[in-house]
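Values quoted throughout were computed directly from the atomic coordinates according to the rules given, and no laboratory measurement underlies them. A quick note: this is a predicted structure, and the numbers were derived from the prediction, not measured. With ideal geometry, Cβ positions are generated from the backbone for all residues, glycine too; neighbour counts draw on all protein chains shown.
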Amino acid sequence: MSVPETGMRLRAMARAGTWTGPTAGVAPGHAQANLVILPREFAFDFFLFCQRNPKPCPVLDVTDPGNPEPSRVAPGADLRRDLPLYRVHRPGLPPSETADITDLWKSDSVAFLLGCSFTFDHALAAAGIVPRHMEEGRNVPMYRTSVQTAPAGPFRGPLVVSMRPMTPRDAETATALSARFPRSHGAPVHLGDPATIGIRDIGRPDYGDPVTIRPGEIPVFWACGVTPQAVIADAGIDPVITHAPGHMFVTDLVDMPE
C-alpha cells in the first residue's frame, strides 16, 4: 500500500478502513495531531490544562460543541471517522478501541486537537537523522514519567514522553531542529538517563513499541500528546475519547519550522 502524501488522502483512507495503522511517516510536512474529545462541561478545565502544560498539549484547534468538523485545520473533515483508530476511556475500565466513534459523539462533545511530534520527524529525516521507529516500521515508544503536570480542575497526573534514540551529536542537531516546531512539542524535555524522569525499563514502553538503541546512542525524550490519556484516569469523566497512541489525525496544515 502506498503511503498517503496529504492529510486529506490519509483521512479518506482512514474513513474507508484502508489505513488502520500508525501515522508515522505519512503526509510529509503536514501537521499531525493528538485528539481529545470530552463533554462541554469539562472543556474549559481541559483548555486550562493545555494552557498550563503547553509542551505536551499545544492546541491546534478546538471544535464547537456538537460539531465534529475541525474547520481551522482540516475543513470538511469528520473527527468521528477520520482517524485510523480511537480509544474510548471510561472510569474504572480499561480503554477500548474502535475505528468509528459516530455512535459515541454527542450534541455537547467538544474536540481538542493537539500538536504531535510526528510532524517534525520528516525534518529530522531530511537532516539525515531518521527516527528509529520510522526506520524499523514501528510505533514510537512512549513512557509515563515521574514528572507531574500542572493540574487544572479534574485533570492532573504524569507527563508522557516519546523517545527517539540517537548519537549525542545527532541529539544536539535534533534539539535545535525540533525547537523550531513549537506547535509539535518543540525541543526535547530530557536527554540521557531514563531513570532521572522515572522510567525504569526503557525496553518496555507504556504505549507504542520498543525500538533498538544502538551502542553509542542515548535516548532523547520529547513531551507527548498522549499525556491527556494518562491524566484522565482519575478525572471521572464518562466517556473521554482519544486517538489510539500513534494513530493520529492528519491535518491540512503544512507545518513549517518557525
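With θ taken as phi - 60° and the Karplus curve 6.51 cos²θ - 1.76 cosθ + 1.60 applied, the whole-hertz 3J(HN,Hα) list for segment 24-37 is 4, x, 8, 6, x, x, 8, 5, 9, 9, 6, 10, 9, 10 Hz, x standing for glycine and proline. Charge dipole (Cα centre; +1 on Lys/Arg Cβ, -1 on Asp/Glu Cβ; no other charges) of the chain amounts to roughly 240 debye. Considering only 73, 247, 160, and ranking their Cα positions along the charge dipole of the chain that arises from unit charges at the beta-carbon of Lys, Arg, Asp and Glu, the one farthest toward the positive end is 160.
Charge tally around residue 142: other residues with Cβ under 10 Å, Lys/Arg +1 each, Asp/Glu -1 each, net -1. Close amide H contacts of residue 166 (hydrogens built in the peptide plane, cut-off under 5 Å, sequence separation of 5 or more or a different chain): 218, 220. The H on the amide N of residue 147, modeled in the peptide plane, is under 5 Å from the matching H of 159, each at least 5 residues off or on a different chain.
Close amide H pairs (under 5 Å, H built 1.01 Å from N) link residue 82 with no residue at least 5 positions away or on another chain. By the count of neighbouring beta-carbon atoms within 10 Å, fewest first, 162, 71, 2 end up ordered 2, 71, 162. Checking (1) 69, 46, 38; (2) 52, 39, 32; (3) 54, 48, 37 against the coordinates, the calculated Cα extents along the principal axes in Å falls under label (2). In order along segment 165-175, phi translates into HN-Hα couplings of x, 6, 5, x, 5, 5, 4, 5, 5, 5, 4 Hz, rounded to whole numbers, per the Karplus curve 6.51 cos²θ - 1.76 cosθ + 1.60 with θ = phi - 60° and x for Gly and Pro.
Which whole-number percent is the relative contact order of the chain (Cα, under 8 Å, 6+ apart)?
On the way: 595 pairs, mean separation 80.4, N = 258.
In percent, rounded to a whole number, it is 31.
Could you line up 172, 97 from fewest to most neighbouring Cβ atoms inside 10 Å? Before the final figure, lay out each step's value.
Values: 172 13, 97 10.
With the sparsest Cβ surroundings first, the list reads 97, 172.
With the charge dipole of the chain set up from +1 on Lys and Arg Cβ and -1 on Asp and Glu Cβ about the Cα centre, the Cα lying farthest toward the positive end among the listed residues 47, 178, 59 is that of 178. Relative to one another, the C-alpha centroids of segment 116-131 and segment 153-208 are positioned 14 Å apart.
Along the axis of the charge dipole computed for segment 129-227 (Cβ charges of +1 for Lys and Arg, -1 for Asp and Glu, origin at the Cα centre), the listed residues 131, 194, 224 are led at the positive end by 224.
Per-residue Cβ neighbour counts within 10 Å put 207, 86 in the sequence 207, 86, beginning with the fewest.
How would segment 141-258 be classified by its alpha-carbon gyration tensor: rounded, prolate or oblate, with rounded meaning a/c under 1.5 and the a/b versus b/c comparison settling the rest? Intermediate results must be reported in sequence, preceding the final value.
Working: a/c = 1.83, a/b = 1.31, b/c = 1.40.
Cα axes put segment 141-258 in the oblate bin.
Backbone geometry of segment 71-87 corresponds, through the Karplus equation with coefficients 6.51, -1.76 and 1.60 at θ = phi - 60°, to 3J(HN,Hα) couplings of 5, 6, 10, 7, x, x, 6, 10, 5, 7, 9, 9, 10, x, 7, 10, 10 Hz, x marking Gly and Pro.
Using the crude model of +1 on Lys and Arg Cβ and -1 on Asp and Glu Cβ, and no other charge, please compute the dipole size for segment 151-195 relative to its Cα centre, in debye to 20.
Working: 5 positive and 3 negative charges, 42 e Å.
Here the size comes out at about 200 debye.
Dipole size of segment 129-227 about its Cα centre, with +1 on Lys/Arg Cβ and -1 on Asp/Glu Cβ: approximately 240 debye, rounded to the nearest 20.
Is the shape of segment 28-131 rounded, prolate or oblate, going by the alpha carbon gyration tensor and its root eigenvalues a ≥ b ≥ c, with a/c under 1.5 for rounded and a/b larger than b/c for prolate? Don't jump to the answer; show the numbers that get you there.
Numbers: a/c = 1.68, a/b = 1.57, b/c = 1.07.
It is prolate, given that a/c is not under 1.5 and a/b is the larger ratio.
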